[in-house]
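Working notes for the structure below.
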Amino acid sequence: MAYWLVKSDPDSYSISDLQKDISTVWDGVRNYQARNNMNKMKKGDLVLVYHSNKEKAIMGLAKVIKEARQDPTTDDERWTAVDLKLEKVFNKQPDLALIKKTKGLEDIALIKQSRLSVMPITKKEYDIIMKLTK
DNA sequence: GCCAACGTTGGC
DNA sequence: GCCAACGTTGGC
């Protein structure tokens with residue numbers, strides 16, 4: 001199983017929207033690298049959900065329930081979408097400042113490549129992040 | 001609200 | 001195929 005982190009601007013789609021919807025189509029990705037990562041997602045993979053701009057924190061956890069397919073919001077066949085289902089909203093939501101100073105997370109793509117919106121997370125990094133939410 | 005970083009586009 | 005111009009993202 002693999003681990004991922006997706007970013008969302010809460011003004012366009014937030015974790016509380018996901019909480020309301022229960023599951024959602026993660027569409028609208030228009031970046032090749034992000035799309036390539038999304039195409040590698042497998043059913044059952046765990047996905048951390050990060051809010052950019054406002055909270056700048058990892059808000060919760062979702063699970064891949066449908067693997068990549070044509071993005072329904074465009075006819076352009078270059079783009080794909082996956083389906084995510086909410087697993088949980090964290091009580092403690094580690095923010096960017098905390099992530100930056102946490103040992104073991106200094107190489108995370110979230111920091112290294114601030115504009116990438118779908119990125120892989122190692123098991124090690126995932127475990128460290130999960131510890132921060134407790 | 002500003003601006004740096006970075007991806008994309010298009011002219012040559 | 002290079003690179004300047006432009007648009008967007010996202011942290012501050």
Amide H neighbours of A:Met59 under 5 Å, at least 5 residues apart or on other chains, H built in the peptide plane: list them. A:Val49, A:Tyr50, A:His51
Pull up the DSSP beta bridges for chain A and report the antiparallel fraction as a percent, rounded to 5. 80 percent
Below 20 Å, Cα to Cα, which lysines can A:Lys54 reach? Residues fewer than 8 away in the same chain don't count. A:Lys7, A:Lys20, A:Lys88, A:Lys92, A:Lys100, A:Lys101, A:Lys112
When a footprinting reagent is the concern and you count Cβ atoms within 10 Å, what order do A:Ile129, A:Ile121, A:Ile22 take, fewest first? A:Ile22, A:Ile121, A:Ile129
10 Å-binned pair-distance histogram of the stretch A:1-74 (Cα, whole percent): 18, 55, 27, 0
Neighbouring Cβ atoms within 10 Å as the yardstick, rank A:Ser117, A:Ser52, A:Ser23 fewest first. A:Ser23, A:Ser52, A:Ser117
Roughly how big is chain A's charge dipole about its Cα centre, with Cβ charges of +1 (Lys, Arg) and -1 (Asp, Glu), in debye to the nearest 20? 620 debye
Loop-only GluC sites (Glu not before Pro) in the stretch A:6-108, please: DSSP not H, G, I, E or B, and at most 16 other Cβ atoms within 10 Å. A:Glu55, A:Glu77, A:Glu106
Label-point gap, in nm, between A:Asn53 and A:Arg30 - each point 7 angstrom along Cα→Cβ: 1.5 nm
Under a no-solvent Debye model with one identical scatterer per Cα of chain A, what's log10 I(q)/I(0) at q = 0.16, 0.17, 0.21, 0.22 Å⁻¹? -0.76, -0.86, -1.35, -1.49
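Readers should treat all values here as calculations from the given coordinates under stated rules, not as data from a laboratory. The structure displayed is predicted, hence computed values, not measured ones. Cβ: placed from backbone, ideal geometry, glycine included. Neighbour counts: every protein chain shown.
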